[in-house]
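Visitor: Attaching a single structure in structure tokens format; questions to follow.
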Amino acid sequence: MNPPDDAIARGRLDAVLARVERAAKDAGTPVRLVAVSKFQDAKAVAQLAACGQIAFGENYVQEATAKQRELEAAGAPKLEWHLIGPLQSNKAELAARHFDWVQSLDRAKLVPLLAKARPAQAAPLNVLIQVNIDDEASKSGCAPDQVPELAKLIAAHPSLMLRGLMAIPTPLPDPAKRREAFAKMRGLFHSLGCEHSTVDTLSMGMSDDFELAIAEGATMVRVGTALFGARPSKA
Ligand SMILES: *Cc1c(COP(=O)(O)O)cnc(C)c1O
């Protein structure tokens with residue numbers, strides 16, 4: 001007999017958490033796990049939430065809000081939502097209302113849009129600046145030298161809270177090369193922390209490389225496949 005889906009979800013979560021904790025202990029930093037639920041249905045999210053997972057990452061604003069409505073209707077506990085996909089300006093208002101974190105802020109134009117749309121009664125929106133650390137062809141992420149200016153803009157808005165940096169380094173086959181990108185991020189993160197006391201989060205590392213990222217100073221990892229299994233190709 002196959003184990004029920006709930007038992008599979010719990011087994012995967014426990015296995016990933018154990019790996020995260022081991023790597024975090026070696027690195028001497030606490031690390032938070034964000035479960036990346038893009039293309040997974042509300043039921044899969046509810047299963048992990050029932051095992052105690054609170055933070056979920058989504059790439060698409062509308063997919064996320066639809067899932068949130070479904071979970072709320074089903075009486076799921078309050079979860080913490082992270083936007084980790086590229087953010088179009090015309091989705092900034094929805095993002096500011098329906099997420100707790102935006103990890104993919106990468107240009108100045110988004111800052112006043114998010115700040116203005118964040119509801120007054122809500123806690124400040126946690127913001128990470130996404131940095132294009134090694135892939136000049138990629139359109140997501142700002143250049144490393146744009147970080148200080150963007151950080152200043154974010155920090156000037158009371159409805160936003162600058163928490164740190166996010167990156168998706170190219171998954172180079174050579175671990176030493178991957179490690180270089182993570183190490184560059186660590187350097188940028190350290191400099192940013194010297195300028196802004198609210199900075200405490202370096203989000204990097206996915207299913208294939210989160211242990212390497214933690215060894216280079218990640219404080220938050222975004223894991224999908226290792227938690228949910230292979231993704232359906234579309235929501
Ligand atoms: C999809 C995605 C992840 C998770 O990737 P896995 O390899 O499935 O762990 C993490 N971060 C971002 C930005 C993603 O788009």
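Visitor: Arrange the peptides 209-218, 54-63 so that the one whose residues have, on average, the most other Cβ atoms within 10 Å appears first. Kindly include the intermediate steps, with their values, before the conclusion.
Guide: Details: 209-218: 22.7, 54-63: 19.4.
Per-residue Cβ counts within 10 Å, averaged per peptide and sorted highest first, yield 209-218, 54-63.
Visitor: Treating cross-link reach as a plain straight distance, find the aspartates and glutamates whose alpha-carbon is under 18 Å from the alpha-carbon of K78, omitting any fewer than eight places away in the same chain.
Guide: D41, E58, E63, E70, D100
Visitor: Ok, one more. In whole Å, what is the distance between the alpha-carbon centres of the range 124-181 and the range 43-110?
Guide: Taking the Cα centre of the range 43-110 as reference, the centre of the range 124-181 is 19 Å away.
Visitor: Please give the net charge around A122, taking every other residue with its beta carbon less than 15 angstrom from that of A122, where Lys and Arg add +1 and Asp and Glu add -1.
Guide: Residues close to A122 contribute a combined charge of +1.
Visitor: Now for a separate question. Considering the Cα trace of the range 172-213, what is its radius of gyration and what is Dmax, both in angstroms?
Guide: Looking at the range 172-213, its Cα Rg and Dmax stand at 11.7, 36 Å.
Visitor: Per the Debye formula with a single identical scatterer at each Cα and no solvent contribution, what log10 I(q)/I(0) holds for the range 144-213 at q = 0.13, 0.16, 0.21, 0.29 Å⁻¹?
Guide: Values returned for q = 0.13, 0.16, 0.21, 0.29 Å⁻¹ are -0.41, -0.58, -0.87, -1.31.
Visitor: Taking N as the number of residues in the range 85-208, what value does Rg over Cα atoms divided by 2.2 N^0.38 Å take?
Guide: 1.04
Visitor: Can you list the aspartates and glutamates whose alpha carbon is less than 17 Å from that of K184, not counting same-chain residues fewer than 8 positions off?
Guide: Counting by Cα, and skipping residues close in sequence, K184 has these aspartates and glutamates nearby: D134, D135, E136, D145, D174, D200, D209, E211, E216.
Visitor: What is the range 1-146 by shape, rounded, prolate or oblate, if you read a ≥ b ≥ c off the alpha carbon gyration tensor as root eigenvalues and call it rounded for a/c under 1.5, prolate for a/b larger than b/c, and oblate otherwise?
Guide: Oblate.
Visitor: Dipole size in debye (nearest 20) for the chain around its Cα centre, Lys and Arg Cβ +1, Asp and Glu Cβ -1?
Guide: The calculated dipole for the chain is roughly 400 debye.
Visitor: Here is a follow-up. Taking amide H atoms as placed 1.01 Å from N in the peptide plane, list the residues 5 or more away in sequence, or in a different chain, whose amide H sits under 5 Å from that of K38.
Guide: Those lying under 5 Å, H to H, from K38 are N59.
Visitor: Taking a 1.4 Å probe, which of I133, I8 shows the most accessible area, and what order do the others take after it?
Guide: Ranking I133, I8 by accessible area, largest first, yields I8, I133.
Visitor: Next up: Would you work out the relative contact order for the chain, in percent, from Cα pairs under 8 angstrom that are 6 or more residues apart?
Guide: 22 percent.
Visitor: Further, regarding this structure: Hey, what number do you get for the chain at 222 nm if only DSSP H runs of n ≥ 4 count, each worth -39500 (n - 2.57), divided across all residues, to the nearest 500?
Guide: -13000 deg cm²/dmol
Visitor: Sticking with this structure for a sec: Just in the range 44-84: which trypsin sites (Lys or Arg not before Pro) are loop by DSSP and have at most 13 other Cβ atoms within 10 Å?
Guide: Loop-located and lightly packed - K78.
Visitor: If you don't mind, another one. Hey, any idea what % of the range 55-109's accessible area is carbon plus sulfur with a 1.4 Å probe?
Guide: Percent of accessible area from carbon and sulfur atoms in the range 55-109: 50.
Visitor: Once the Cβ-Cβ distance between A137 and Q88 is put in as r, and R0 is 22 Å, what FRET efficiency do you end up with, to the nearest 0.05?
Guide: About 0.65, to the nearest 0.05.
The values are calculated or read from the model by the stated rules, or taken from the named source; none is laboratory data. Treat the numbers as computed from the prediction; the structure is a model and nothing was measured. Heads up, the Cβs are rebuilt from the backbone with ideal geometry, glycines too, and the neighbour counts pull from every protein chain shown. Ligands, DNA and RNA are excluded from the accessible area calculation, which covers all protein heavy atoms including side chains. Shrake-Rupley method; radii C 1.70, N 1.55, O 1.52, S 1.80 Å.
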